[in-house]
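I have placed the structure first, in the form of structure tokens, so that the comments after it can refer back to it.
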Amino acid sequence: MSDLKSRLSTAIGAAHEQHRATPVKVRNFGGGFLCPDDLQTRQAALLVAYLAGPTPSVVLTVRSQGVPEHAGQVALPGGRYHPGEIFPEHTALREAHEEVGLEPAGAEVLGVLPPVATLTGFVVTPVVAWVATPTTLAPQEREVRHVFCRPLTEILNPARYSTHRLSLPGEGGVSVHRIWRLQGERWPIWGATAKILAQLASA
């Protein structure tokens with residue numbers, strides 16, 4: 001387990017190095033979208049929770065159809081910043097507890113990844129945590145339809161990630177965007193979620 005935790009810590013540092021090399025005039029959006037720096041955004045935090053055990057895995061959710069953003073999509077547990085809490089760690093841990101029942105006391109924060117912006121106007125900051133003790137997860141049905149886990153070996157395998165190009169009309173004509181995707185089984189993982197996980201896999 002110590003080797004896996006060490007690799008995750010190294011990957012967090014490498015992701016920050018890559019982020020510093022990104023041009024400052026654009027933001028890299030979930031799925032590879034680029035948007036001007038003056039976009040009006042909202043702060044949010046996500047928890048990349050790694051569950052230890054015989055088969056270490058990552059916690060993922062399927063969003064309920066009734067939520068205002070990202071309905072029906074695969075996501076990492078998380079949500080908006082609340083004034084007065086320590087951001088992003090406390091935001092991510094609180095949201096994960098509310099959405100899937102993950103106890104904050106059992107999560108060891110390993111570090112924070114660079115923020116990723118989304119087309120829905122959020123800037124999300126991923127918090128990476130290691131959960132060493134067994135835990136029972138259950139979806140909060142108003143926001144989460146389903147909770148599932150993917151093996152850590154898959155998440156950290158760069159060969160499982162791919163990108164494709166998407167053309168969208170805009171004010172200045174057609175723009176081409178790069179969308180990230182992680183090979184899935186029942187639930188497709190793409191966009192911001194795949195982009196965040198790919199940062200760890202590429203280290």
- [ ] Restricting attention to the stretch 1-42, report how many residues are modelled with pLDDT under 50, surrounded by 15 or more Cβ atoms within 10 Å (Cβ to Cβ), in a loop (DSSP other than H, G, I, E, B) and of a type outside the set (F, W, Y).
- [x] 3
Open item on the list: I'm checking my understanding of the structure. Among residues of the stretch 76-92 that are open to solvent by less than 20 Å² (accessible area, probe 1.4 Å) and not polar (S, T, N, Q), which one is modelled with the lowest pLDDT?
Closed with: G79
Task: Counted residues, the stretch 146-186 - those being closer than 21 Å to P77 by Cβ, surrounded by 15 or more Cβ atoms within 10 Å (Cβ to Cβ) and at pLDDT below 90 - done: 2
- [ ] Assess whether I189 counts as being out of contact with any Pro (no Cβ under 9 Å at 6 or more places or on another chain), open to solvent by less than 40 Å² (accessible area, probe 1.4 Å), more than 24 Å from G53 (Cα to Cα) and not hydroxyl-bearing (S, T, Y).
- [x] no
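Would it be correct to say that A117 is touching a Lys or Arg at 6+ places or on another chain (Cβ under 7 Å) and either open to solvent by less than 60 Å² (accessible area, probe 1.4 Å) or within 17 Å of A49 (Cα to Cα) (or both)? Spell out how you get there, then give the answer.
Details: touching a Lys or Arg at 6+ places or on another chain (Cβ under 7 Å): yes; either open to solvent by less than 60 Å² (accessible area, probe 1.4 Å) or within 17 Å of A49 (Cα to Cα) (or both): yes.
When the stated conditions are applied, A117 passes them.
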TODO: State which residue pairs qualify: first residue free of Cβ contacts under 8 Å to residues at least 60 places away in the same chain and under 15 Å from H19 (Cβ atoms) and inside the stretch 178-203, second residue open to solvent by less than 40 Å² (accessible area, probe 1.4 Å) and not β-branched (V, I, T) in any location, beta carbons under 9 Å apart, and separation of 6 or more residues or different chains.
DONE: A198/Y161; A198/L182
Task: Selection count, the stretch 138-194, where residues are over 16 Å from the mean Cα position of the chain (by Cα) and among the β-branched types (V, I, T) - done: 4
- [ ] Taking only the stretch 43-75 into account, find how many residues are at pLDDT 95 or above and surrounded by fewer than 17 Cβ atoms within 10 Å (Cβ to Cβ).
- [x] 0
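The values are calculated or read from the model by the stated rules, or taken from the named source; none is laboratory data. Keep in mind it's a predicted model, so treat the numbers as computed, not measured. Note: ideal-geometry Cβ built from the backbone for every residue, glycine included; neighbour counts use all protein chains shown. Surface accessibility is based on the protein's heavy atoms, side chains included, excluding ligands, DNA and RNA. Shrake-Rupley method; radii C 1.70, N 1.55, O 1.52, S 1.80 Å.
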